[in-house]
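*Asks:* Below is a structure I'd like to ask you about.
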Amino acid sequence: MKLPLKKYALVLASIAAGLTAIFYMIWFQIDNEDIPNLIKPSIGLQYDYIIVGAGSAGCVVARFLSEYAPESSVLLIEAGHTFGFISKVPLLAVYLQGSSNDWKFQSTPQKHSSWGMHDKIQFFPRGKGLGGTSQINFLVNYVHVEDDLKRWNLKNWTYEIISPYFDTIENTPEDEIWEVPKRHTTLSKVFDDASYHFRKTKFRRSQYNTKNGLRHSVFQKYLRPAFEFENLKILTNSIVTRLNFNQFNCISSVRVRSHYHGVEFNIAVGKEVIISAGAYQSPQLLMVSGIGSGTTLSKHNIILVSNLPDVGENLHDHLNVPMYTSMESSGSINFNNILSPSEIWKYLKRGEGVLSHFGVYGHVDSPENSIGLSFFGVGAIDENSMRDISNYKKKHFRGLFPLYHNKTQEGFVTITNCVQPQSRGIVLIQSKDFETPPLIDPNYLETEVDLNCSIRAVRFAAQIITSSSFRKLRPKIHWPLIPGCEEFGPFERDFETNKPSYRYLECVIRSIGVASHHPGGTCAIGKVVGEDLNVYGVHGVRVVDASIFPKPISGNPNAMIIAMAKRLVDVILNR
């Protein structure tokens with residue numbers, strides 16, 4: 001039965017009013033991003049500490065250096081400015097990828113993976129603005145790193161030393177980290193039930209860095225409170241294009257290019273420069289400044305300052321393999337409930353509902369501790385947005401998500417990966433100009449070990465989905481029909497047994513595996529920096545971000561980056 005015209009108009013008006021209310025709630029409740037510490041570019045500036053990059057590490061270092069060393073001057077330099085209100089609503093974060101707040105990095109064409117991407121290229125979104133990638137990420141708080149730190153085998157970065165620096169539910173105000181309740185939705189209930197049937201498997205409900213249903217990234221949690229410190233200054237819309245050294249290889253100044261004012265100038269350094277530009281740009285900045293492989297730098301006519309061939313090497317990242325499962329039960333996120341007036345009202349009134357998180361309900365650690373599995377409770381996948389930001393070819397995307405056209409579909413996506421991949425990639429410069437994007441080759445699935453691990457992960461996910469715990473959802477795994485993989489499956493028996501062949505899974509994984517956006521390792525401790533994070537061969541330069549990880553973190557690296565940044569401040573100040 002059709003709604004009368006007046007009632008139909010009323011429904012549309014209520015939806016529009018709800019969305020408008022969300023806008024104004026965020027605009028006035030959060031702030032209008034006023035930053036009292038901003039400075040303008042000028043000649044003759046000098047600061048004791050200069051921090052390059054206002055991402056997760058940079059915001060944390062800026063906060064605590066300015067707080068714990070009030071007698072020192074601190075300057076935080078960021079290439080972007082602030083993020084729009086969309087970044088505050090967790091579920092809308094995906095729409096910032098490809099925007100002006102994204103560096104829009106891309107991989108080189110891949111050999112062993114990415115066959116289902118245009119030109120075999122992966123897209124690498126990186127946040128550009130105060131808060132960095134923490135302003136566009138999926139907000140998951142992961143602190144289970146004890147085994148990872150054991151693998152690092154570093155004297156000053158053991159779990160016992162670093163664990164007090166983590167933001168956890170136990171040591172953080174209860175409204176700043178939200179954990180998915182056991183009985184949150186039908187899917188989270190089933191997820192919780194499964195934990196009792198797989199005794200050797202660890203099930204973890206997701207934790208989010210949110211507050212009152214809004215993003216609570218390092219910008220809100222750490223940098224904004226630091227605005228009260230008069231010794232902290234911030235320079236935005238400005239890029240550090242080079243580090244300058246004296247004849248003793250001591251840092252003397254940084255070269256800055258201001259986009260907003262159209263000028264280029266030096267800022268003198270009194271004590272140290274802390275580079276927090278991320279796994280792609282930290283090694284790039286070192287290389288254009290003369291720190292890296294002498295052979296590589298000579299090709300670009302860059303004067304060698306410190307010969308460190310490992311700068312840019314050791315790039316590691318997780319390769320995610322998404323698999324779609326439809327279900328007959330309700331409880332997942334789709335367009336029907338995103339635009340539901342009741343959901344909008346729930347979000348406005350209590351900061352709850354589908355708009356308050358990103359739909360990742362939980363994570364599973366396999367008994368062998370090498371496989372990662374996440375449950376992403378989204379039933380309807382928007383082709384227009386998801387295909388563009390992932391670079392999937394149309395046929396591959398539609399093979400992976402065959403119900404892409406159904407906006408009310410219920411279901412979920414399992415995201416599997418190998419948490420300790422053995423394949424290693426590289427970051428290279430194309431020019432001595434820092435603003436020329438680096439060449440990024442993640443080299444996914446180069447080793448057979450990673451391929452076998454990824455296949456085990458997909459089969460592990462299928463085992464859980466087809467278990468008695470999930471039976472009440474009436475799930476159906478949609479083994480994808482991928483161009484180029486047809487001779488290997490999926491066949492009718494694959495949908496009956498849910499055990500497709502090795503060759504089929506290999507073809508699918510190499511075709512539709514997508515970057516997890518967890519890059520690290522390109523300025524690794526022990527190869528490029530020491531355990532004090534000082535860069536080898538020069539004085540007064542440290543690096544702190546995911547680039548210093550010797551080996552991968554087995555989950556989302558953001559919490560680890562924050563903890564290491566906190567500890568670095570104590571190291572610098574001998575606290």
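The values are calculated or read from the model by the stated rules, or taken from the named source; none is laboratory data. Fair warning: this is a prediction, and the values are worked out from it, not measured in the lab. For neighbour counting, all protein chains shown are included, and Cβ atoms are generated from backbone atoms with ideal geometry for every residue, glycine included. When the accessible area is computed, the model is the full protein with side chains, heavy atoms only, and any ligands, DNA or RNA have been set aside. Shrake-Rupley method; radii C 1.70, N 1.55, O 1.52, S 1.80 Å.
*Asks:* How do the strands (runs of 3 or more DSSP E) wholly within region 188-290 filter down when requiring 1 or more residues that are open to solvent by 10 Å² or more (accessible area, probe 1.4 Å), in contact with an Asp or Glu (Cβ under 9 Å, 6 or more places away or on another chain) and at pLDDT below 95: which remain?
*Replies:* Once the strands (runs of 3 or more DSSP E) in region 188-290 are filtered for at least 1 residues that are open to solvent by 10 Å² or more (accessible area, probe 1.4 Å), in contact with an Asp or Glu (Cβ under 9 Å, 6 or more places away or on another chain) and at pLDDT below 95, what remains is 202-205.
*Asks:* Any chance region 305-314 includes a residue that's at pLDDT 95 or above, within 23 Å of Thr522 (Cβ to Cβ) and among the hydroxyl-bearing types (Ser, Thr, Tyr)?
*Replies:* Within region 305-314, one or more residues are at pLDDT 95 or above, within 23 Å of Thr522 (Cβ to Cβ) and among the hydroxyl-bearing types (Ser, Thr, Tyr).
*Asks:* Which of the residues that make up region 379-409 are part of a loop (DSSP other than H, G, I, E, B) and either of a type in the set (D, E, K, R) or open to solvent by 40 Å² or more (accessible area, probe 1.4 Å) (or both)?
*Replies:* Scanning region 379-409 gives Asp382, Lys393, Pro402, Leu403, Tyr404, His405, Asn406, Lys407, Thr408.
*Asks:* Among the residues of region 320-346, write down those that are open to solvent by 10 Å² or more (accessible area, probe 1.4 Å) and part of a helix (DSSP H, G or I).
*Replies:* Scanning region 320-346 gives Phe335, Asn336, Asn337, Ile338, Pro341, Ser342, Glu343, Trp345, Lys346.
*Asks:* Going by the conditions given, is Thr168 among the β-branched types (Val, Ile, Thr), assigned to a helix (DSSP H, G or I) and open to solvent by 20 Å² or more (accessible area, probe 1.4 Å)?
*Replies:* The answer is no for Thr168.
*Asks:* Can you pull out every residue in region 160-174 that is over 22 Å from the mean Cα position of the chain (by Cα) and not polar (S, T, N, Q)?
*Replies:* Answer for region 160-174, where residues must be over 22 Å from the mean Cα position of the chain (by Cα) and not polar (S, T, N, Q): Glu160, Ile161, Pro164, Glu170, Pro173, Glu174.
*Asks:* Go over the candidates Ala546, Ala565 one by one and state the one that is in contact (Cβ under 8 Å) with a residue 12 or more places away in the chain, touching a His at 6+ places or on another chain (Cβ under 8 Å) and under 30 Å from Ala268 (Cβ atoms).
*Replies:* Ala546
*Asks:* Let me ask something additional. Please specify each residue of region 228-280 satisfying the condition of being closer than 24 Å to Pro437 by Cβ, touching a residue at least 60 places away in the same chain (Cβ under 8 Å) and of a type in the set (Gly, Ala, Ser).
*Replies:* Result: Ser238, Ser258, Ser276, Ala277, Gly278, Ala279.
*Asks:* Please work out which residue is farthest from Asn574 (Cα to Cα), limiting yourself to region 54-77 and to residues that are open to solvent by 10 Å² or more (accessible area, probe 1.4 Å) and in a loop (DSSP other than H, G, I, E, B).
*Replies:* Out of the qualifying residues, it is Gly55.
*Asks:* Within region 79-104, track down each residue that is more than 16 Å from Ser385 (Cβ to Cβ) and open to solvent by less than 10 Å² (accessible area, probe 1.4 Å).
*Replies:* Hits for region 79-104 are Gly80, Phe83, Lys88.
*Asks:* Among the residues in region 462-473, are any in contact with a strand residue (DSSP E or B) (Cβ under 6 Å, 6 or more places away or on another chain) and open to solvent by 30 Å² or more (accessible area, probe 1.4 Å)?
*Replies:* The answer is no, given that none of the residues of region 462-473 is in contact with a strand residue (DSSP E or B) (Cβ under 6 Å, 6 or more places away or on another chain) and open to solvent by 30 Å² or more (accessible area, probe 1.4 Å).
*Asks:* Looking at the structure I just gave you, is Ser298 at pLDDT 85 or above, under 25 Å from Gly80 (Cα atoms) and of a type in the set (S, T, N, Q)?
*Replies:* Criteria not met by Ser298.
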